[in-house]
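The values are calculated or read from the model by the stated rules, or taken from the named source; none is laboratory data. This one's a predicted model, so the numbers in the text were calculated from it and none came from an experiment. Here Cβ is always computed from backbone atoms with ideal geometry, including for glycine, and neighbour counts include all displayed protein chains.
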Number of protein chains: 2
Amino acid sequence: MNAPTAPLHLLPTVNQRPVPPALIAALQARLGTRCSTAQVVREQHGRDESSFDVPPPGAVVFAQSTDEVAFVVQLAAEHRVPIIPFGVGTSLEGHLLAVEGGISLDVSQMNQVLAINAEDLTVTVQPGVTRTQLNTAVKSTGLFFPIDPGADATIGGMTATRASGTNAVRYGTMRENVLALEVVTASGEVIRTGTHAKKSSAGYDLTRLMVGSEGTLGVITEVTVKLYPLPEAVMAATCSFASLADAVNTTIQIIQLGVPIARCELLDSTTVKVVNQHSKLSLPESAMLLMEFHGSPAGVNEQVELVQAIAAENNGNAFEWAATPEERTRLWTARHNAYFAGVQSRPGCKAITTDTCVPISRLADALLDSVTEAQQAGIPYFLVGHVGDGNFHMGYLIDPNVPAERETAERLNHQLVQRALALGGTCTGEHGVGLHKMEFLVAETGSGAVDMMRAIKRALDPQNILNPGKIFSL
Amino acid sequence: MNAPTAPLHLLPTVNQRPVPPALIAALQARLGTRCSTAQVVREQHGRDESSFDVPPPGAVVFAQSTDEVAFVVQLAAEHRVPIIPFGVGTSLEGHLLAVEGGISLDVSQMNQVLAINAEDLTVTVQPGVTRTQLNTAVKSTGLFFPIDPGADATIGGMTATRASGTNAVRYGTMRENVLALEVVTASGEVIRTGTHAKKSSAGYDLTRLMVGSEGTLGVITEVTVKLYPLPEAVMAATCSFASLADAVNTTIQIIQLGVPIARCELLDSTTVKVVNQHSKLSLPESAMLLMEFHGSPAGVNEQVELVQAIAAENNGNAFEWAATPEERTRLWTARHNAYFAGVQSRPGCKAITTDTCVPISRLADALLDSVTEAQQAGIPYFLVGHVGDGNFHMGYLIDPNVPAERETAERLNHQLVQRALALGGTCTGEHGVGLHKMEFLVAETGSGAVDMMRAIKRALDPQNILNPGKIFSL
């Protein structure tokens, strides 16, 4: 085990800019009680699911329209005060923390589904709509929206972090599924990117530039995403394995053979245990793949036969089926709650969550050594993975009051990321950089590319008011 | 028929910057005869497949390595001289024209396949590798690269224009298929974007920003793209229809039902005729869909049955099968050559090619009225379409020496683009903006979004040396 070669980035630097009373007064003049400086509201908006603890923002504004977002950003620009877009607060990487102070701009009340274009397989929503709200709204059309991070995040937040989830192995991530945006720029101007056409070569891909920009280039006020026909046939199964390596190798072969599997999720035995406890299930407590197959009845049968054969060659047990839609929902809800199950398995803990993603052929190299290291360190952890994408999460469960535990977790995280980068992978498959992966971003892409990101940031937000202090230092 | 509301953009403004003798001398000192000022070489690099005629570049450089590209760009930056990246010259939109003079940087000798990562379904190539070279190189792996513009374009050029082709309806465009890039920036620095992982949330999506930037933000020197397993079963068929509307409506229903069709191409009866002549085929000379189905044998049969039923409901004739691989190749080669067949059908003509793409439900509205308008104007044209994507091309065949013909073609083009934009579409599905669609870009995305593109351009290329005068005016 090598010592980390760079200093550990344990806690963010905090350098808060004050929110002037004149700005608060101007906001309250138009928005009334929807601009709040109450301690409890600020504190609610001053944390997310990350393990950091920084002072809350100076004020919280609840916007209800694009006009209001533009108004707030214009005022903030006049006063050079930071704006931190806020959805439902499920970031894992400190995106929502007011490390430079300023205003938390809560868009959760912008939660209208604006247009369901079923005949074009698209839907346009305000940014505060959550993924389950979206799917409820389109249910009667026979279409669905596949991107499903663990939390019931907002579409705005998922766009800002380039989120994915369990279905990404077949349906892609927010990168592939956002067609068009409305965005309020750093000067408070409203622009539109993209069209409703499936493809376009019209100029710079501003849509893709905004997707994953973590609120640092604009405030997203409208999102058009792709929808998909509900598959004719759906089958979901679990398969338990004698070892983690067997489950991982099964995954690698499924992907290399081009099976269009819809979901291919890994849990290790420890995590199955906590999921069983949390969700009152009785899954066999060994390394396990949770899989789902979409297609025509014949197509699904073909996929299942092939995957069963691959699993059997890798010492997998017989598939256990989630036969009814209710059983499927129960299984996937349990999977989505695995993060919370993990965190709750150690009362009072915080999770430091990793998010590496590697080329599929290197998944075993990346994952198995990281698990061994965590076991050797003796730290409690959970392990879940969108392994079909080469993406997995270790959650190191630390007592936030014991610095040595945080240090151990950060050391393990550091080793894990360095390993992933050496294998041609990325430090973050779907959570974003935020505060926690800034040093890793430079290691991953090189200082030249990060300098290019800085140049873009300076050009589009010259006063550095949009979610400052995230992704890279300026 | 409405008169166009904006002035027609008939010919590009030319404002050539000279290439100083000292720069030529410095280039020749290192590159010898690979820096040429010969009239014939300059003229070869001073045109593309567009209908514009502007003076050639001041010099042509043939680079053989990333180092050489960086060297050339550094020198050009010192002298503030434009650099126009050049592959094999198949742009349809004037991308390669030296409207501000400068150096054509030919990368066609950078044509090495650098790494075939079959186990990760990716390949890394130099920018001068063409799509057929790439597919020849990976053939023994059982994998293929699906993106296929009509011409045998280079991967670098296809990346720069966000190209697609006949397979995009199933496999996506260059936007979805480029994983990572090496790029020489405007200052001559070499940077890398992306990783070999399938997904990432690590900072701004510089890969997607470069894809489609038409050589204006950097010179692409290495491209990593996705590969796909060759499908177990492939079936290709043509289906002729009594009317164009029937063929279009069949397409719309295929897509709305979510059939994972691999290719769904439209030709009108006139175009079938010229394709028959050019490729010595005997396709029935009526509106026609050319289709291909990929999957398992059972999956392909399911798709075929469903599509046959849809076509029959829309007055389609029985499918005619391209039964052998050789027949399939012959069919698709003919389709790829349709552009050249069209141009050669009127000796001495130039084609003014349209490229709108609309949401699938609006395809009939966009396409049928445009055809009627062309017929009423009495101008010769061909019509081909990647209609499964909502994308089609009219090629107006004009005598370049008759200004009235160019004017008619531009008027028709203008009407067609305005119609597509009103339907929620884009002025360019896959060819790029280049010189020809600059005014349309503003109409499509709004001046605010184009101003954002300008700000990015100024930040990344402050001297405006990278392919200046394209996409938007500065």
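The table below gives the values:
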quantity	calculated
Residue within the range B:377-392 that is polar (S, T, N, Q) and buried (at least 21 other Cβ atoms within 10 Å of the Cβ) present	yes
Residue within the range B:219-236 that is part of a strand (DSSP E or B), touching an Asp or Glu at 6+ places or on another chain (Cβ under 8 Å) and farther than 30 Å from B:VAL113 by Cα present	no
Those residues of the range B:185-204 which are among the hydrophobic types (A, V, I, L, M, F, W, C) and more than 9 Å from chain A (Cβ to nearest Cβ), in sequence order	B:ALA186
Qualifying residues in the range B:274-291 (those that are farther than 25 Å from A:LEU227 by Cβ and crowded, with 24+ Cβ neighbours inside 10 Å) - the one farthest from the other protein chains (Cβ to nearest Cβ)	B:VAL275
Count - residues of the range A:410-425 that are over 13 Å from A:HIS393 (Cα atoms) and away from every other protein chain (no Cβ under 12 Å)	6
Filtered residues of the range A:113-138 (kept if out of contact with any strand residue (DSSP E or B) (no Cβ under 7 Å at 6 or more places or on another chain), at the interface with chain B (Cβ under 10 Å from one of its Cβ atoms) and either under 12 Å from A:VAL223 (Cα atoms) or surrounded by fewer than 20 Cβ atoms within 10 Å (Cβ to Cβ) (or both))	A:GLU119
Search result, residues across the range B:151-170 that are surrounded by 22 or more Cβ atoms within 10 Å (Cβ to Cβ) and more than 9 Å from chain A (Cβ to nearest Cβ)	B:ALA151, B:ALA153, B:THR154, B:ILE155, B:GLY156, B:GLY157, B:MET158, B:THR159, B:ALA160, B:GLY165, B:THR166, B:ASN167
Condition met for B:SER108 (small (Gly, Ala, Ser), buried (at least 24 other Cβ atoms within 10 Å of the Cβ) and within 19 Å of B:GLU49 (Cα to Cα))	no
Residue identified as closer than 23 Å to A:SER447 by Cα, surrounded by fewer than 24 Cβ atoms within 10 Å (Cβ to Cβ), more than 11 Å from chain A (Cβ to nearest Cβ) and at pLDDT 95 or above among B:GLU182, B:GLU222	B:GLU222
From the options B:ALA311, B:ALA341, residue that is in a helix (DSSP H, G or I), under 30 Å from A:ILE261 (Cα atoms) and either out of contact with any Lys or Arg (no Cβ under 9 Å at 6 or more places or on another chain) or assigned by TED's automatic domain parsing to the domain that holds B:ALA163 (or both)	B:ALA311
Which listed residue, of A:VAL41, A:VAL60, A:VAL81, is part of a helix (DSSP H, G or I) and over 21 Å from the mean Cα position of the chain (by Cα)	A:VAL41
Among (1) in contact with a helix residue (DSSP H, G or I) (Cβ under 6 Å, 6 or more places away or on another chain); (2) at the interface with chain B (Cβ under 8 Å from one of its Cβ atoms); (3) closer than 26 Å to A:HIS336 by Cβ; (4) of a type in the set (Val, Ile, Thr), the one test that A:THR428 misses	(1)
Residue tally, condition closer than 17 Å to B:GLY150 by Cα and not hydroxyl-bearing (Ser, Thr, Tyr), over the range B:351-389	12
Residues within the range B:334-363 that are small (Gly, Ala, Ser) and either without any contact (Cβ under 8 Å) to a residue 12 or more places away in the chain or at positive phi (or both), tallied	1
When residues of the range B:22-36 are limited to those that are touching a helix residue (DSSP H, G or I) at 6+ places or on another chain (Cβ under 8 Å) and either part of a helix (DSSP H, G or I) or among the aliphatic types (A, V, I, L, M) (or both), the one nearest to B:VAL81 (Cα to Cα)	B:LEU23
Any hit, the range B:381-393, residues being free of Cβ contacts under 8 Å to residues at least 60 places away in the same chain, more than 9 Å from every other protein chain (Cβ to nearest Cβ) and farther than 28 Å from B:SER286 by Cα	no
Qualifying residue in the range A:263-273 (condition: touching a residue at least 24 places away in the same chain (Cβ under 8 Å), among the hydrophobic types (A, V, I, L, M, F, W, C), within 14 Å of chain B (Cβ to nearest Cβ) and within 24 Å of B:ASN301 (Cβ to Cβ))	no
Filter result (assigned to a loop (DSSP other than H, G, I, E, B) and facing chain B (nearest Cβ under 7 Å)) within the range A:205-218	A:ASP205, A:VAL211, A:GLY212, A:SER213
Answer residue from the range B:225-244, given it is touching a helix residue (DSSP H, G or I) at 6+ places or on another chain (Cβ under 6 Å) and of a type in the set (Gly, Ala, Ser) and is surrounded by the fewest Cβ atoms within 10 Å (Cβ to Cβ) among those	B:ALA233
Pairs with Cβ under 7 Å, 6+ apart, first in the range B:453-473 and facing another protein chain (nearest Cβ under 7 Å), second aromatic (Phe, Trp, Tyr) and surrounded by fewer than 24 Cβ atoms within 10 Å (Cβ to Cβ)	B:MET453/B:PHE472
Test result for B:LEU435, more than 12 Å from chain A (Cβ to nearest Cβ) and part of a loop (DSSP other than H, G, I, E, B)	yes
B:VAL248 vs. criteria modelled with pLDDT of 95 or more, surrounded by 19 or more Cβ atoms within 10 Å (Cβ to Cβ) and within 30 Å of B:VAL402 (Cα to Cα)	no
Which listed residue is free of Cβ contacts under 8 Å to residues at least 40 places away in the same chain, among the hydroxyl-bearing types (Ser, Thr, Tyr) and not in a helix (DSSP H, G or I), from B:SER282, B:SER286	B:SER282
Selection from the range A:438-450 of residues that are at the interface with chain B (Cβ under 8 Å from one of its Cβ atoms) and of a type in the set (Asp, Glu)	A:GLU444
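Condition check ((1) without any contact (Cβ under 8 Å) to a residue 60 or more places away in the chain; (2) assigned to a helix (DSSP H, G or I)) across all residues:
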site: A:ASP369; (1), (2): yes, yes
site: A:GLN375; (1), (2): yes, yes
site: A:GLY395; (1), (2): yes, no
site: A:HIS414; (1), (2): no, yes
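So that you can scan it fast, the table gives a plain yes or no per residue for (1) outside the structural domain of B:ALA318 (by TED's automatic domain parsing); (2) under 24 Å from the mean Cα position of the chain (by Cα); (3) of a type in the set (Val, Ile, Thr); (4) on the phi < 0 side of the Ramachandran plot:
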{"residue": "B:CYS239", "(1), (2), (3), (4)": "no, no, no, yes"}
{"residue": "B:ALA262", "(1), (2), (3), (4)": "no, yes, no, yes"}
{"residue": "B:ASP268", "(1), (2), (3), (4)": "no, yes, no, yes"}
{"residue": "B:VAL274", "(1), (2), (3), (4)": "no, yes, yes, yes"}
{"residue": "B:LYS280", "(1), (2), (3), (4)": "no, no, no, no"}
{"residue": "B:HIS294", "(1), (2), (3), (4)": "no, yes, no, yes"}
